[in-house]
Amino acid sequence: MLRVREDDAAAYEELVRKFHPRLVRLMRTMGPRPDLAEDLTQETFMRVWRARHRYEAGAKFSTWLFTIAGNVARNSARSLGRRHEVNEVDAPSLPDTSGAMGILASNALEASGQMPTRLVEGAERAEVVRLAVQALGERQRMALMLSRFENMSYAEIAETMGLTTKAVKSLLSRARVNLREVLQPYIDAGVISNEVDP
Amino acid sequence: MSESVILQDDQPVDPDDELLVSFMDGELSQTDRKRVEKRLVDEKNFRERLQSLQTGWEWLDELPEESSSEQLVASTIELVVTDIAPSPSQTKRNLSDSRKPFLVALLCGLGLVGGVSGVVAMRNAELRKEIEDVAIVEHLDAYELGGNDIEFLRELARNPRWSQMLNAQRDVGRLQPPALLGQTDDPDQNLDLIKSLPQNQRRQLESQLKKFRSYAPSRQRSIREIAKSVSQQSDQSTLLATMDAYAQWYDTLTDDQKDGIRSNDSDKRQAAVEDAIESTLDGLLKRSGTMISSENLDQLYFGLTLVWVARTNEDPKLLRSLSEASKSVAIARQVNVDYAAKMLKLVAMSQLVDDRPLPERFRNGISSLIRSPSRSGGPGPSRGPDTGGPNRDGRMSGRDGGRRGVSGFPGVRDSPLAKLFLGLSPITDTELESLTEFLDDETLDDLDSLTNLKHEIDRQFAFESIMRIWCFEAIRRQVTAIEQDNRSMLEKYLSKEEGDRDRLDLLPPDELKRGLDQSSRSFGRR
């Protein structure tokens, strides 16, 4: 990133190559729609390029990158009008979980009312998990993704999200409890195994 | 399930849940960690709570990984380049600042979008010069080598052997595609062409540009003058193509050949050029074995087996000799008789198309399988009269010091092996011609290119040489396949990729054996 700061285009391309799959994965859950993930990723990289001179040596690039990504995702959601305006300091975001929860609820009911004839496999299982994550609030989702897939510490997540470490701890706890609550009916109904495939 | 089960950010979370999540994330102090570990040992409910929290966490692995997308990378870079393209209102100083990233962007694997206005860019004389230099460096080697001897290059272009050589090289992929830039002086057109180049070519240009920029100004000037002079010739396009091809070809020559071509004596120079062209064509013939696809090789092998069958039908003694030789070799070398039979049949078939000594033909285990002495050190006759007998140095090979010829064989001349090989006459022209029916059109085109020579006798010689090379390659592949199949189970298992070994490990023994046998057999046609 220091080379990018000096207008090194080759270094910038290197960064794009390295980080774009991770950003796309993040945007699939953080963006207002999964199909917007690549556009949002590009937007994030454009902002990185434009802000390159403001990057401070010594700062961890991934923290900076995911801060920008979070802002891009949030702005996109707002501009699509699917979320209420949120004061990030004062109030938690009101998640528009109705879509995801509705799908999950109907599936779980259907599953529990029937003899489990088959296990949900492959893409279907991925979809169940995706919907479960989508059912979480925006900040819980962000904290979860950064912790799980970027292996960030609480301190790093706090820096990325502009929160205290204590707040991150609470967010992650709620996120994991919520995941458990959302997925448990599927496990109880035998629709998905309690064991994760190796 | 209702939304009420979802904890909002402002709702309290169970302290034990919070504690366990921090524990799993490794965010507890040592003291707290020990306390949690003690509780996990003592309290069953606490353990179950941990397991349930782990469930959702592990299920996140189900979210698909995103694969790398070249398209996304390329389009992102294009957007950046659009962002940094100079606008008309910028000052010259600003333009200089952005020039480097612009040209770097141009060549460092970055693409351009249509949004970069050619008109805007071309207003800048400096940038125009940059584009011109890029067009020059694409032909840098050509200008440096042949720029001062245009008449020689025109003469070369008129040489029919030169054209034949180029056609053959082109058809078998040994000539780089023609250059794109420099065909026009129009910088706008060149800019469009640069935009269309793939990334690796742009990087190549960047490397050439750096090389050019490292030259002394006088040298740069000289090359620019040559480029200008070439562009003003009436046959500019042909001349430049010849210069490029000449530069590529010159690079492949030996020092002696280069010295000859650089001679001031025009006759000597001409002779050196002709020799070098012949040498290149000869090299193409020899390397032609690598130019044929495996599918065509399989087809050729099939054709060869038909020739073999016809031969053994004409002379049934051949099959008897093969059978006896297989048994002898199997005993002598302690190998499976089927394996010996397959190998010997392939060696015999190779005898039809290749008269080199066996150790030269097969540089692998098959040579040790059959260590039969002959005048040339290998089994079978050369095209000369049958001599048999000991090696050139008078010794017989074999573990017993060669007292009985090849170990296990009663004597060289009377051995089943000798009878087999000596009973085979080389493949005829008609048989070779018939084998072309098994080649696809593309390969036949390659064959035509390689044999497109002036004189009939040269054409025939080239045709025979190439077909023999291809036939031998087809047989060699079969030898490799059988050798692979003859490996022990352990050797086959160890040759597998790690993922395949993991899969095989889970199979019951009989399926494992079948799996190893089948995967060996899938290599090459029997």
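The values are calculated or read from the model by the stated rules, or taken from the named source; none is laboratory data. What you see is a predicted model, and the numbers here were worked out from it, not measured in a lab. Positions of Cβ are generated from backbone atoms using ideal geometry, with glycine treated the same way; all protein chains shown enter the neighbour counts. Surface accessibility is based on the protein's heavy atoms, side chains included, excluding ligands, DNA and RNA. Shrake-Rupley method; radii C 1.70, N 1.55, O 1.52, S 1.80 Å.
Being modelled with pLDDT of 80 or more, more than 56 Å from the chain's Cα centre (by Cα), surrounded by 13 or more Cβ atoms within 10 Å (Cβ to Cβ) and facing chain A (nearest Cβ under 7 Å) is a property that holds for B:Val13. Taken over the stretch B:26-75, the criterion of being within 12 Å of chain A (Cβ to nearest Cβ) and of a type in the set (Lys, Arg) is satisfied by B:Arg49 alone. Inside the stretch B:248-282, can you point out the residues that are within 20 Å of B:Ala462 (Cβ to Cβ), without any contact (Cβ under 8 Å) to a residue 40 or more places away in the chain and open to solvent by 70 Å² or more (accessible area, probe 1.4 Å)? Those that are within 20 Å of B:Ala462 (Cβ to Cβ), without any contact (Cβ under 8 Å) to a residue 40 or more places away in the chain and open to solvent by 70 Å² or more (accessible area, probe 1.4 Å): B:Thr252, B:Asp275.
Residues that are closer than 11 Å to A:Arg180 by Cβ number at least 2 in the following helices (runs of 4 or more DSSP H) confined to the stretch B:1-72: B:15-24, B:44-59. Taking the criterion of being in a loop (DSSP other than H, G, I, E, B) and at pLDDT below 75, the residues of the stretch B:470-526 that qualify are B:Asn486, B:Arg487, B:Ser488, B:Ser522, B:Phe523, B:Gly524, B:Arg525, B:Arg526. Scanning the stretch A:53-67 for residues that are in a helix (DSSP H, G or I) and surrounded by fewer than 20 Cβ atoms within 10 Å (Cβ to Cβ) yields A:His53, A:Arg54, A:Phe61, A:Ser62, A:Thr63, A:Trp64, A:Thr67.
Filtering the stretch A:127-175 to residues that are in a helix (DSSP H, G or I) and either touching a Gly at 6+ places or on another chain (Cβ under 6 Å) or of a type in the set (S, T, N, Q) (or both) leaves A:Gln134, A:Gln140, A:Met142, A:Ser147, A:Thr160, A:Thr165, A:Ser170, A:Ser173. Considering the stretch B:283-309 alone, what residues qualify as being farther than 25 Å from B:Ala168 by Cα and either free of Cβ contacts under 8 Å to residues at least 60 places away in the same chain or of a type in the set (S, T, N, Q) (or both)? Scanning the stretch B:283-309 gives B:Thr305, B:Leu306, B:Trp308, B:Val309. In the stretch B:342-375, of all residues being open to solvent by 60 Å² or more (accessible area, probe 1.4 Å) and at pLDDT below 85, the one that is farthest from B:Tyr301 (Cα to Cα) corresponds to B:Arg375. Residues in the stretch A:168-181: is at least one open to solvent by 40 Å² or more (accessible area, probe 1.4 Å), more than 7 Å from every other protein chain (Cβ to nearest Cβ) and at pLDDT below 90? No, every residue in the stretch A:168-181 fails to be open to solvent by 40 Å² or more (accessible area, probe 1.4 Å), more than 7 Å from every other protein chain (Cβ to nearest Cβ) and at pLDDT below 90.
Remark: B:Leu209 falls outside the filter, which requires a residue to be aliphatic (A, V, I, L, M), under 28 Å from A:Ala10 (Cα atoms) and at pLDDT below 80.
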